[in-house]
Amino acid sequence: MSFNLELIKFRELQTTMEDGKRFYKTPDGDSYPSVTSVTGILAKKWDLGLAPKNWRREGRSNH
């Protein structure tokens, strides 16, 4: 039995900074926020109390 590993060649994407957040621009012209930008936004919402008040009832554990 043999194993053939084929590496995927990724394209370099252009990055821009908007309001202190990094965005990646695709070859099609679409822009997407970086993972760290998204998690930073979500963390701020939790810190500001914007998280759902009934989070335990929305599928999360009761631990």
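Readers should treat all values here as calculations from the given coordinates under stated rules, not as data from a laboratory. Note that this is a predicted model, so its numbers are computed, not measured. Virtual Cβ from ideal backbone geometry, glycine too; neighbours counted across all protein chains shown.
Some points to look at:
- For R22, residues with placed amide H under 5 Å, excluding near neighbours: S34, S37
- You can think of it this way: the chain between F3 and T36 has 8.4 nm of extra reach, that is 0.36 nm per residue less the Cα-Cα gap.
- Look at K44, K25, K9 and count the other Cβ atoms within 10 Å of each Cβ; fewest to most, that gives K9, K44, K25.
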